[in-house]
Amino acid sequence: MKKLFAVLLSAMLLLAMAACGEQPQTPDDTHEPAVLHMATEGTFPPYEYYDNGQLVGIDIEVAGAIAEKLGMTLETTDIAFDSIIPGVQAGKYDIGMAGVTVSEDRLQQVNFSDSYATGVQVVIVKEGGKVQSLDDMADAIIGTQSGTTGFIYASGDFGDDHVKSFTKTTDAVEALKNGQVDCVLLDNAPAEALVDANPDAGLSILETAYTVEDYAIAINKENTDLQAKINAALAELVADGTLQSIIDKYIK
Ligand code: GLN
């Protein structure tokens, strides 16, 4: 049945190509590998960040390994975090990967692969600053990255007046350093990387975490075929230890 469908499909394709005046390709023509187009946001170390001008990180490597398994070439586009889900929904990108948390709201817009990592929302504070525990957040200005779950929690729990949003996580941390905000609510892995990157700024992470989340790959709702292929590839990468070794390379 599958075979018949494939034959019908190629026949239709040939007809369509002939109609466009193109030469139908024979099976032994060499094809460029198909592109897996991924939207991401490059200020989320160690999942995606720049090293010597090159976009690197856990998500970039996992996506690369998935693309390889699918016989595709990975192409990444760095855009604002809050444009990733709408971009995938609109079909501008095949996948969105940027430590994206699975949430009920996002599931209305896109499908998600199986989860490949866990994220914890934490709070970065400044020595001598207004926030020294989660209880202090009610009277504070909280820095977040636009469109993130950190923003959604902060505005939902404390009101929009208590939240300042930034396109980049690095800008939210700069705002904490210069006193524009009293704390930053974001995911633990970039929080640790950003605190480490600013050793003299008196920054630290509150011990009490805000909440725990699952990261997964956002895929267009209509592309269930790609979703199935990605889940199969991910399962292989889990089974053969590749996923863990990529994570261990970036998170010590
Ligand atoms: N995990 C958070 C979210 O999905 C933040 C992701 C990010 O800032 N790249 O909203």
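We did not get these values from a lab; they are worked out from the coordinates using the rules stated. Remember, it's a predicted structure, so these values are computed and weren't measured experimentally. For neighbour counting, all protein chains shown are included, and Cβ atoms are generated from backbone atoms with ideal geometry for every residue, glycine included.
If neighbour count is taken as other Cβ atoms inside 10 Å, put 203, 185, 134, 194 in order from fewest to most.
Working: 203 22, 185 30, 134 15, 194 25.
With the fewest neighbours first, 203, 185, 134, 194 line up as 134, 203, 194, 185.
Let me know the charge dipole size of segment 39-91 about its Cα centre in debye, to the nearest 20, where only the beta-carbon of Lys, Arg (+1) and Asp, Glu (-1) is charged. Please report the intermediate quantities before stating the final value.
Details: 1 positive and 9 negative charges, 31 e Å.
The calculated dipole for segment 39-91 is roughly 140 debye.
Just to verify a number: FRET efficiency for residue 209 and residue 32, C-beta to C-beta distance, R0 = 35 Å, to 0.05?
So, using R0 = 35 Å, E works out to roughly 0.15.
What's the magnitude of the charge dipole for the chain around its Cα centre, counting Lys and Arg as +1 and Asp and Glu as -1 at the beta-carbon? Answer in Debye, nearest 20.
The dipole magnitude comes to about 540 debye.
What would the Debye formula give as log10 I(q)/I(0) at q = 0.14 Å⁻¹ for the alpha-carbon point model of segment 34-82, no solvent?
Treating every Cα as an identical point scatterer, log10 I(q)/I(0) equals -0.32.
With 5 Å bins from zero, work out the P(r) of segment 195-252 over every alpha carbon pair and list the percent per bin.
Computed distribution, short to long bins: 4, 13, 13, 16, 16, 14, 11, 8, 5, 1.
Quick check on the exposure proxy: order 137, 72, 38, 97 from fewest to most C-beta atoms within 10 angstrom.
Taking fewest neighbouring Cβ atoms as first place, the list is 72, 137, 38, 97.
Over the chain, what is the mean sequence separation of C-alpha contacts under 8 Å (at least six apart), divided by residue count, expressed as relative contact order in percent? Walk me through the numbers before you get to the answer.
Working: 430 pairs, mean separation 60.9, N = 252.
Taking the mean separation of contacting Cα pairs over the length of the chain, I get 24 percent.
Could you work out the pair-distance distribution P(r) of segment 139-238 from its alpha-carbon pairs, with 10 angstrom bin width and percents rounded to whole numbers?
14, 38, 24, 18, 6
Pull out the extension gain between residue 198 and residue 73, defined as 0.36 nm times the separation in residues minus the alpha carbon to alpha carbon distance; nm, one decimal.
41.5 nm
With helices defined as uninterrupted DSSP H runs, which ones in the chain have an alpha carbon span along their own long axis of at least 18 Å and mean Kyte-Doolittle hydropathy of at least 0.0? Could you put the intermediate results ahead of the total?
Numbers: long enough: 2-19 (25 Å, 1.89); 224-239 (22 Å, 0.66).
Answer set is 2-19, 224-239.
Once every Cα of the chain carries one equal point scatterer and solvent is ignored, give the base-10 log of I(q)/I(0) from the Debye formula at q = 0.08, 0.10, 0.15 Å⁻¹, two decimals.
Normalising to I(0) and taking log10 leaves -0.38, -0.55, -1.05.
Need one number: nm distance between label points at residue 221 and residue 238, each 7 Å from Cα along Cα→Cβ, rounded to one decimal.
It works out to 2.5 nm between the two label points.
State the percent of C-alpha pairs, over all pairs in segment 117-197, separated by a distance greater than 20 angstrom.
So the portion of pairs separated by more than 20 Å is 20 percent.
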